[in-house]
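Student: One structure, as structure tokens, below. Some questions next.
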There are 2 protein chains.
Amino acid sequence: MSTVSKARPGGRSARIQEAVHDAVRSLQASSSRDAITVPLIAARAGVTPSTIYRRWGDLAALLSDVAADRFRTPESPAETGSLRGDLLAWAAQFIEEMGSTPGRGYIIDVVAGDSTGANTGACVNYARSALKEIFGRAPDAGLRDLEDALDRLVAPMMYRIIFDSDRIPSGYSTTLVERYLAAHPT
Amino acid sequence: MSTVSKARPGGRSARIQEAVHDAVRSLQASSSRDAITVPLIAARAGVTPSTIYRRWGDLAALLSDVAADRFRTPESPAETGSLRGDLLAWAAQFIEEMGSTPGRGYIIDVVAGDSTGANTGACVNYARSALKEIFGRAPDAGLRDLEDALDRLVAPMMYRIIFDSDRIPSGYSTTLVERYLAAHPT
DNA sequence: CCTCCAAAAGCAACTTCTTCGCGTTAAGGT
DNA sequence: ACCTTAACGCGAAGAAGTTGCTTTTGGAGG
């Protein structure tokens with residue numbers, strides 16, 4: 001017996017979880033944030049509200065799970081041929097996506113409804129795996145410290161997105177990357 | 001006529017706001033997080049629930065305001081006689097307070113219930129004013145860039161507190177301060 | 001292949017929270 | 001002292017959240 005997450009992927013649990021997640025995403029695409037309620041989601045997913053309450057506890061926890069799923073599939077950062085280019089492109093895209101209104105909303109969903117730390121952890125690992133892949137392409141790969149890069153690149157971006165998203169200067173990601181590279185020359 | 005925030009400080013609005021805020025703080029001190037409801041707060045504050053709903057909209061917004069208030073009174077950072085000492089002491093205390101279970105909870109309250117950005121903004125200014133005061137004591141005060149210090153000190157601490165609070169290494173604040181000072185020698 | 005078991009979903013009644021219209025109160029201006 | 005307006009109290013109606021019990025379902029063992 002292998003350590004599959006919960007039940008077989010085709011089991012009833014999995015089907016319902018997917019139906020509910022789909023319902024949330026679908027509502028998020030077409031409704032304003034505070035118009036989304038558990039009974040609404042349940043209706044669209046074809047389940048009863050009590051199912052959702054029993055499995056997730058409350059709306060915040062469900063939204064956190066759904067949002068975290070968006071960060072659970074690590075996408076490969078664009079490959080430009082140089083470390084600087086890869087970092088610049090990745091950081092710019094990070095600010096672009098995460099700093100957008102929906103992006104910021106998903107981040108807040110993850111944080112606000114996460115009781116175990118699993119979802120916030122997934123966010124950090126999402127960033128870690130992207131940086132790891134970029135560093136893996138560079139010749140001095142082994143020398144670069146992921147946590148240091150998180151501190152210098154991801155943390156400032158996240159901080160500004162969460163606390164001051166309206167005043168992020170254009171070129172902010174570039175500033176951070178250049179600052180990082182200056183501290184860790186190739 | 002002066003531009004007082006809303007009504008006179010002694011007015012009814014102000015009295016009720018304070019009663020409600022006090023009720024929230026009092027409940028937070030004695031109840032678990034998810035046991036706090038609007039009707040409960042209303043009862044303790046001696047107002048009707050509809051007053052709270054009309055003024056704040058929902059529980060999240062109220063909690064955000066209450067939590068932001070904790071960051072609205074800038075406290076003077078300890079004075080140690082040196083820039084390094086001041087920064088080390090301040091950063092250590094920051095991690096200590098904000099990284100604690102209640103501290104993290106207040107941060108998340110601020111973020112989760114803030115629709116206008118006023119409360120997250122207050123958080124950033126809280127950090128800014130502390131750093132500003134510390135820098136103001138140093139001889140090269142004018143040379144130091146507050147935003148740069150936010151990026152290098154506050155952002156990493158906040159990022160770790162929010163996303164990975166269980167795994168913040170001891171001495172993390174020291175690492176960040178030393179790294180900052182190395183980049184900006186006196 | 002059939003039967004049994006446990007976990008999870010459905011159902012329905014109940015409680016609690018949230019919204020809203022309307023009358024009342026209180027603060028500030030004339 | 002009176003008037004205006006913004007905010008609160010009250011109560012009813014509606015929506016959301018909770019819970020015990022029954023039913024379904026997927027997997028395990030015979």
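The values are calculated or read from the model by the stated rules, or taken from the named source; none is laboratory data. Please read these numbers as outputs of a predicted model, since none were measured by experiment. Reconstructed Cβ throughout: ideal geometry from the backbone, glycine too, with neighbour counts over all protein chains shown. All accessible areas refer to the heavy atoms of the entire protein, side chains included, with ligands and DNA or RNA removed. Shrake-Rupley method; radii C 1.70, N 1.55, O 1.52, S 1.80 Å.
Student: Given the condition aromatic (Phe, Trp, Tyr), within 27 Å of A:Tyr180 (Cα to Cα) and buried (at least 21 other Cβ atoms within 10 Å of the Cβ), answer yes or no: does some residue in region B:101-111 qualify?
Tutor: No, region B:101-111 contains no residue that is aromatic (Phe, Trp, Tyr), within 27 Å of A:Tyr180 (Cα to Cα) and buried (at least 21 other Cβ atoms within 10 Å of the Cβ).
Student: Out of region B:81-114, which residues are within 13 Å of chain A (Cβ to nearest Cβ) and outside any helix (DSSP H, G or I)?
Tutor: Hits for region B:81-114 are B:Gly113, B:Asp114.
Student: So A:Ala130 fits all but one of (1) part of a helix (DSSP H, G or I); (2) open to solvent by 20 Å² or more (accessible area, probe 1.4 Å); what number is the exception?
Tutor: Looking at each condition in turn, A:Ala130 falls short on (2).
Student: Within region A:135-173, how many residues turn out to be in a helix (DSSP H, G or I), open to solvent by less than 60 Å² (accessible area, probe 1.4 Å) and within 13 Å of another protein chain (Cβ to nearest Cβ)?
Tutor: 21
Student: Then there is this: Restricting the search to region B:115-126, which residues are facing another protein chain (nearest Cβ under 9 Å) and not polar (S, T, N, Q)?
Tutor: Across region B:115-126, the qualifying residues are B:Gly117, B:Gly121, B:Cys123, B:Val124.
Student: Within region A:46-56, count every residue that is surrounded by 14 or more Cβ atoms within 10 Å (Cβ to Cβ) and either free of Cβ contacts under 8 Å to residues at least 24 places away in the same chain or more than 9 Å from DNA strand C (Cβ to nearest atom) (or both).
Tutor: Qualifying residue count for the region: 3.
Student: Would you be able to say whether some residue in region A:26-41 is within 12 Å of DNA strand C (Cβ to nearest atom) and among the small types (Gly, Ala, Ser)?
Tutor: Taking every residue of region A:26-41 in turn, at least one turns out to be within 12 Å of DNA strand C (Cβ to nearest atom) and among the small types (Gly, Ala, Ser).
Student: Please give the number of the condition B:Gly103 fails out of (1) assigned by TED's automatic domain parsing to the domain that holds B:Pro169; (2) near DNA strand C (Cβ under 9 Å from one of its atoms).
Tutor: So B:Gly103 meets the others, but not (2).
Student: Sticking with this one: From the list B:Val66, B:Val111, exactly one residue is in the same structural domain as B:Leu146 (by TED's automatic domain parsing) and more than 12 Å from DNA strand C (Cβ to nearest atom). Which is it?
Tutor: Checking each option against the conditions leaves just B:Val111.
Student: Among the residues of region B:36-45, count how many are near DNA strand D (Cβ under 10 Å from one of its atoms) and either over 12 Å from B:His21 (Cα atoms) or within 13 Å of chain A (Cβ to nearest Cβ) (or both).
Tutor: 1
Student: Something else: Which of the residues belonging to region A:57-94 are open to solvent by 30 Å² or more (accessible area, probe 1.4 Å) and touching a Gly at 6+ places or on another chain (Cβ under 7 Å)?
Tutor: Listed by number, the list holds a single entry, A:Ala60.
Student: In region B:46-80, which residues are within 16 Å of DNA strand D (Cβ to nearest atom) and away from every other protein chain (no Cβ under 14 Å)?
Tutor: B:Gly46, B:Val47, B:Thr48, B:Pro49, B:Ser50, B:Thr51, B:Ile52, B:Arg54, B:Arg55, B:Leu62, B:Asp65, B:Val66
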